[in-house]
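*Asks:* Structure below; questions to follow.
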Amino acid sequence: MSTLARLMCGRAVRRAALLAGALLCTAAQAANELAPPLLLTNAIHRSGDDLSGDWTYSKDRYRVSLGEMNNTPPDPRNQRYRDINVQAEEKANPATFFEYDMQRAPRASLPGSWNIPNTELRYYDGLMWYQRTFVARELGSKQGAARAFLRFEAVNYKASVYLNGKFVGSHEGGFTPFTFEVTALLRKGENQVTLGVDSTRSDESVPPTFTDWELYGGVTRPVRLIYTPKTYIDDQVLQLLEDGSISATVTLNGPVAAEQPVTLSIAELGLKLQAATNAAGQAQFKFKAPAGLHRWSPESPKLYDVKVQAGDDSLADRIGFRTIQVVGENILLNGKPIFLRGISMHEEEFGPTPARIITPQAARALLSEIKHGLNGNYVRLSHYPHSELTVRLADEMGLLVWSEIPVYWSVDFKSAKALTTARKMLAENILRDRNRASVFVWSVGNETPGTPERLHFQSTLADDVRALDPTRLVSAALWAHKEKVNGRIEARITDPLADKLDILAINTYTGWYGDDTLDDITTMRWTNRHGKPMVLSEFGADAKANYHDPVNKPKFSEEFQAQFYVNTLKMADNISFLRGVSPWILKDFQSPRREHPVYQNGWNRKGVVSETGQRKLAFDVLADYFKRKAEAVKP
């Protein structure tokens, strides 16, 4: 256990009852075990150099640069990460040769996936090497640049990082950020950074090999070289608690982290507070929320400029304050019941050739369709953590966010390695986004089998959520048990994982998959033995944009999809404990397993808009439903 964990546990036991102390110790231990060594919170607002743009790349399908073929050190003629000018070496010694030349390799623009339609790499799945050069700032006392960190927002799926030929570190997980300090490895003048990006997955990966969305291997989010003072603010978290107080924690990293003054300011609220860090470099604040505090909500997404100052470092953020809780069968936002009017969304920009390049414009185009087009107040970010840019924009626009990790379908739930990967991924997701008011639920998976091993796996993740962030809710998308009784479908939740969740979330495709008809949807009857709120986390039907047949309404027609929505929403209105919906899905998205040559061609067509943004008939059905729901709760 770290010094911080020991201090927290010791104080908890002395201060409160044994149970309360044990819970706090568990939280401290969970954070200590799962948190990355360097968090560099709010990195998006830190000073640094953007390394996006032009990189060279080289395929390594047989993984020779890592020496994995024969379990031997790689041949120097194949080590793509070496700090060497291949062309100059060949010229100086005509007898030598190499199997690569990163300087003269093809070029790609990062961030962006290599699996772009209509290219030679469309279905490439394996190891790819990227390289570029850059000139770093001179480190010293000037402008506070004393330490340097390479920050990767997402690399899918595994990353091996080298700087100037030296191994820096590795990371597994395609959707969460990671950081390495490179202060000692930087040199004056030109530096060379090389990434080995491995998209290959197995049943122990999270997600596993088999999914229903595009792989999108590569560097899919920005890469930056970030500079800080010698002692810097590594973490800050502010949360409005149910008792009306605001809790804040600031953690310093560096040689003078202990016993240092820290100032927390929220100018608009007239707040300027000071505290001192303890021996572990952590400062704690807790104060009553000012009477003038405006709570964040989808209708009024108020954000405050928050500034933290510690020594030579300062960090600014925009943070909203709100509470979320479950009481009985209701979800309460700021103490008032809310119905979640939303839809699910994959991280894929509009256009015929997406490459998972989420710019501010791309994110706003997607979220605007939900907020303004559909009259929504909620988005389910499926099935993995989306970009920080998207979540921050949800803060700004006023959309509640369901955030999920890709514990999906056929993960090897018996594997200790898979569980460790999932736990670290969940922690990285929570630690990145726990200052975002929009995020109200952490989901620990989607559509997983009801085995004892899976129950232990996801129960462990649910426990981690409560340890790392007890201010938010936990859920997972489950299947319901359905059977026909007297010609009508009876549906209920029998999954034992439900006991670990705050919100019961159900994916239902009655009327699309199987032998059920559209008429069967409206007569479905749901029962709830758990006494908790339920959300229809998915429902949907495929439709190809512009395929119309209003008479027969065959599957894949816009008319069938629209009628499916009409019937499913009618059924939803008859579920007394239903507190939200997030149909599947906002836009058509790439899925290589969907290969009907007329209707799909590599696309899942369940979007209410096409991949290029054309709205289908079902879009208006859902928008009208949400408009009525919103109007029903107006004072």
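Values quoted throughout were computed directly from the atomic coordinates according to the rules given, and no laboratory measurement underlies them. Computed from a prediction, not measured in an experiment: that's the story for all the values here. A quick note on method: Cβ atoms are made from the backbone with ideal geometry, for glycine too, and the neighbour counts reach across all protein chains shown.
*Asks:* I'd like to know which of 227, 66, 215 lies farthest towards the positive end of the charge dipole of the stretch 44-228, counting +1 on Cβ of Lys and Arg and -1 on Cβ of Asp and Glu.
*Replies:* Of 227, 66, 215, it is 227.
*Asks:* Based on Cβ point charges of +1 for Lys and Arg and -1 for Asp and Glu, what charge dipole magnitude is obtained for the stretch 525-622 about its Cα centre, in debye rounded to the nearest 20?
*Replies:* 400 debye
*Asks:* A further question follows. Take every Cα pair under 8 Å in the chain that's 6+ residues apart, average their separations, divide by the length, and report that relative contact order as a whole percent.
*Replies:* On the way: 1456 pairs, mean separation 71.4, N = 635.
With pairs under 8 Å counted, the relative contact order is 11 percent.
*Asks:* Report, in debye and to the nearest 20, how large the dipole of the chain comes out about its Cα centre when Lys and Arg carry +1 and Asp and Glu carry -1 on their Cβ. Each step should come with its number before you reach the end.
*Replies:* Details: 77 positive and 73 negative charges, 261 e Å.
The dipole magnitude comes to about 1260 debye.
*Asks:* Can you list the residues, at least 5 places off or on another chain, whose amide H is less than 5 Å from the amide H of residue 503, using H built in the peptide plane?
*Replies:* 474
*Asks:* Express in whole angstrom the spacing between the alpha-carbon centres of the stretch 270-309 and the stretch 310-355.
*Replies:* Between the Cα centres of the stretch 270-309 and the stretch 310-355 lies a distance of 18 Å.
*Asks:* Something else about it: Per-residue counts of other Cβ atoms within 10 Å, averaged by peptide: what ranking do you get for 488-495, 474-481, 515-522, highest first?
*Replies:* With the highest mean Cβ count within 10 Å placed first, the list reads 474-481, 488-495, 515-522.
*Asks:* Sticking with this structure for a sec: In whole angstrom, note down how far apart the Cα centers of the stretch 601-633 and the stretch 149-172 are.
*Replies:* Cα centroid to Cα centroid, the span is 39 Å.
*Asks:* Shifting gears a bit: Say the cut-off is 22 Å between C-alpha atoms; which of 59/166; 417/482; 336/634; 570/629 go over it? Working shown, then result.
*Replies:* Working: 59/166 20 Å; 417/482 34 Å; 336/634 12 Å; 570/629 12 Å.
In this structure, 417/482 exceed 22 Å between Cα atoms.
*Asks:* Roughly how many Å is it from the Cα centre of the stretch 228-267 to that of the stretch 358-387, as a whole number?
*Replies:* Here the two parts' Cα centres lie 30 Å apart.
*Asks:* Where in the chain are the helices, taken as whole DSSP H runs, whose Cα atoms extend 15 angstrom or more along the long axis and whose Kyte-Doolittle mean reaches at least 0.5? Numbers along the way, then the final one.
*Replies:* Details: long enough: 3-15 (18 Å, 0.05); 18-34 (24 Å, 1.22); 416-433 (26 Å, -0.21); 452-468 (24 Å, -0.43); 558-572 (21 Å, -0.29); 617-632 (23 Å, 0.03).
Taking the DSSP H segments of the chain (at least 15 Å long, mean hydropathy at least 0.5), we get 18-34.
*Asks:* Additional query: Can you work out ³J(HN,Hα) from phi for every residue in the stretch 95-103, in order, using Karplus 6.51 cos²θ - 1.76 cosθ + 1.60 and θ = phi - 60°, giving whole Hz and x for Gly and Pro?
*Replies:* Once θ is set to phi - 60°, the couplings for the stretch 95-103 become 7, 8, 8, 10, 9, 7, 7, 5, 5 Hz.
*Asks:* Can you give me the orientation-averaged projected area of the convex hull built on the Cα atoms of the chain, in nm²?
*Replies:* On the way: hull surface 123.0 nm².
Computing the convex hull of the Cα atoms and averaging its projections yields 30.8 nm².
*Asks:* I've got another one for you. Skipping prolines and chain starts, which residues have an amide H placed within reach, meaning under 5 Å, of the one on residue 326, given they are 5 or more residues away or on another chain?
*Replies:* 332
*Asks:* At 222 nm, what value in deg cm²/dmol follows for the chain if DSSP H runs of at least 4 each add -39500 (n - 2.57) and the sum is divided by all its residues, to the nearest 500?
*Replies:* Details: 10 runs with 127 residues, N = 635.
Value at 222 nm, helices only: -6500 deg cm²/dmol.
*Asks:* Still on this model: Residue farthest toward the positive end of the dipole of the chain, with Cβ of Lys/Arg at +1 and Asp/Glu at -1: which of 34, 323, 343?
*Replies:* Of 34, 323, 343, it is 323.
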